[in-house]
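The next block holds one structure in the form of structure tokens; read it before the comments.
The values are calculated or read from the model by the stated rules, or taken from the named source; none is laboratory data. Because the structure is a prediction, the values reported are computed rather than measured. Note: ideal-geometry Cβ built from the backbone for every residue, glycine included; neighbour counts use all protein chains shown. All accessible areas refer to the heavy atoms of the entire protein, side chains included, with ligands and DNA or RNA removed. Shrake-Rupley method; radii C 1.70, N 1.55, O 1.52, S 1.80 Å.
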Amino acid sequence: MALRTRRGTSAPTRSAHCPHTRRPPVLSEHHNRVPQTTTRLTGQPTSGGVAIGRAVHLWPTPPAPPPPPVPVRAVDESARLKTAAAATAAVVRELREQTRARLGEAKAEIFDVQLALLADPEFLDRVHELIRTRAIAASAALREVTQAFTEELSATEDERFAARAADLRDLAERLETALACDATPAPEEFDGDVIIVAPELTPSQTAQLDLAHVRGFITELGSAHSHAAILARGLGLPAVMRVPQATTIIPRDTTLCLDGTTGEILLSPSLEQISACRKQLAHQSKARIGCARHPHRPSQTADGRPLPLGANVGRLEDITGAMARGAEHIGLFRSELSYLGRNCPPGEEELSTLYGAMLARAAPHAVTIRTLDLGGDKQVEALTPVHEANPFLGVRGVRLCLQQEVVFRAQLRALWRASVRGRLKIMLPMVTVVAEVRTVRKWLAEERAGLVSRGEPVARDLPLGIMIETPAAALTADALAREVDFFSIGTNDLTQYTMAADRLNGQLAHLQAAHHPAVLQLIQRAVEAAHRHGKRVSVCGEMGSHALGLPVLDGLGVDEISMPPDLIPEARARLARLDHAANVRLARECVGLGSAEQVAAAVAATSA
Ligand code: PEP
Ligand code: MG
């Protein structure tokens, strides 16, 4: 989804949500008018730390309207169509080659129909003609011609022609994707320090922001478990969510002091308040630098059980900071962030350069790159399914990768090509069944063979792991452990699917408890299964960084934990005060309890 900031209005007039369903705003002074004096708002603290900045409103762009009937420059549109056709031909030829190598010439021939259609002057010439005569956009002309052709083909009785119609539609989709690729929106640019105020933030929006100037986030909706919240924590930026009518109450350009730890927001703060906030900011930066100076105390419990702590990152730039905070490895690189906020997926070349640079920067430590995890709240127009009633239960994670074979295979090749630059591990998101792992293993082997035959240097082998994020994976962990090299437990999703509580729904916060015994039992089952097969288990969900989660996960026997970089120093200090033997007893007790509240009480009792 593209971004739009509203620069010209001081009182926003539209909201993405029905005003009748809103709760009254939490205000200590003025309500719904431009504040002259300081106003205090509160919301749900979602990402810790303080920030000072100017309010900038961020609105979701409404769904793309039908292609404009306005005149366009026919010369430009025709040129775009030619470029898109050439790019599409290259993609189809590559698909044909891959299919031939795997399934033989006969199966590969199905792509010849699309190549023939691309070369057929009747088809593309008609599109060019429409652009010229009607001065419409290339994508609009393409849709019109495709519709006319498919109607003609479908109207015949001959089944072969009907099949051609499907090929044509498939080809037209590829052409549209290629046309969209040269229209990727530029990131929004800001001046000075800004705090984003939005009805809701999506991961795509977050990925498109000019992070050099963004100091924090305020949203009307959202939940601590959303990817936008996780990204904010990963970036070390404070966030306060669920601030009713924030976009209405906070006029643009208002100076704000934001406290992501308490959930407090000051609008038009006094000079004293700004100076107090600045002091806190200075203290915050000093503490971060201090952590960076003494990061390398061993990550182990007081009685000596090592529990290496890694970092969850999404950008190359995050690695240096993570290492400075004492990360012993990169336990989760969310590779999908490179795909968000752009119309065209990154290619093999771009990805292999990025992954290689990450491995080199993290060396000698290992980097676990999670393969593309789109779907759910991470939508990319060109890749994710258009209409799904329940996107979190839909074509998400590895399911999408298996559907988007060309894009996924490009990522696999990029991983292999980077594999010689450091210690790389790869892991698959949202695995439900063994068959998904087997297919990816097969594709990985095929891509490696292809690269070797081209003389590319690649590693001999790559450890392949999976995320345990679905109850199905946890319950069949024995079967999965036979197929993979390691597990990493994604407690964010495992909790969502076990508790049947949408992680984006802030009203279900009471159910989004990773320490609920139902989730703990699944973690226990996965850990025991992995260990039976001699495989290691990491936890990369947010639970690993929670005060409640650390002792219980250690007690359940997980072998390593990965978390947002800023939280590593504190977790390491906390771990050093814990006793593994006591944690084992605690974990045994917790899995047998009846509620998250009882688990919280049991953990509190041991640390008292
Ligand atoms: C998880 O689900 O716990 C996880 C780490 O993945 P994400 O939060 O990116 O879905
Ligand atoms: Mg997940």
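Once the Cα-Cα distance is subtracted from the 0.36 nm per residue extended length, the His531 to Ser595 segment shows a gain of 20.4 nm.
Looking at the chain, the DSSP beta bridges with both ends there are about 35 percent antiparallel. What is the helix-to-structure angle for 405-418, meaning the angle in degrees between its Cα long axis and the longest Cα principal axis of the chain, kept from 0 to 90 and rounded to the nearest 10? Once rounded, one gets 60 degrees. Ordered from largest to smallest accessible area (heavy atoms of protein chains, 1.4 Å probe), the residues Leu462, Leu235 come out as Leu235, Leu462.
Ranking Lys425, Lys107, Lys378, Lys279 from most to least accessible surface, computed with a 1.4 Å probe over the protein chains only, gives Lys279, Lys107, Lys425, Lys378.
With Cα atoms as the point set, the stretch 315-417 shows a radius of gyration and Dmax of 14.5, 44 Å.
What the chain shows is 43 Å² of accessible area per residue, with the surface traced by a 1.4 Å probe over protein heavy atoms. The angle between the Cα long axis of helix 596-607 and the longest principal axis of the Cα atoms of the chain comes to about 50 degrees, rounded to the nearest 10. The Rg/Rh ratio of the stretch 303-607, with both radii computed over alpha carbons and Rh defined as the Kirkwood radius, is 0.96. Averaging Cα coordinates gives a centre for the stretch 81-130 and one for the stretch 580-608; these two points are 60 Å apart.
For the chain, the residue among Gly331, Leu480, Gly455 whose Cα projects farthest onto the positive side of the dipole built from Cβ charges is Gly331.
Using the alpha carbons alone, the radius of gyration of the stretch 482-546 stands to its Kirkwood radius in an Rg to Rh ratio of 1.02.
Between the helical axis of 580-591 and the longest alpha-carbon principal axis of the chain there is an angle of about 70 degrees.
Of the accessible area of the stretch 134-264, with the probe set at 1.4 angstrom, what percent is carbon plus sulfur? Carbon and sulfur: 48 percent of the exposed surface of the stretch 134-264.
Between the listed residues Ala137, Leu117, Met499, the Cα displaced farthest toward the positive end of the dipole of the chain, a dipole computed from Cβ unit charges relative to the Cα centre, is found at Met499. Here the simple spin-label model places points 7 Å from the Cα toward Cβ, and for Lys107 and Ala581 these points are separated by 5.8 nm. Label separation (Arg588 vs Ala360): 5.1 nm, computed from points 7 Å beyond Cα along the C-beta direction. Heavy-atom accessible area with a 1.4 Å probe sorts Phe161, Phe123, largest first, into Phe161, Phe123. Classify the stretch 189-297 as rounded, prolate or oblate, taking a ≥ b ≥ c as the square roots of the eigenvalues of its Cα gyration tensor: rounded when a/c is under 1.5, otherwise prolate if a/b is larger than b/c and oblate if not. Oblate. D by Stokes-Einstein for the chain, Kirkwood Rh over Cα pairs, 4 °C, 1.567 mPa s: 49 µm²/s.
The calculated FRET efficiency for the pair Asp193 and Asp76, based on their C-beta separation and a Förster distance of 35 Å, comes to about 0.40.
Net charge dipole, the chain: roughly 1720 debye, given to the nearest 20, about the Cα centre with Cβ charges of +1 for Lys and Arg and -1 for Asp and Glu. Taking each DSSP H run with n ≥ 4 as -39500 (n - 2.57) and averaging over every residue of the chain yields -14500 deg cm²/dmol at 222 nm.
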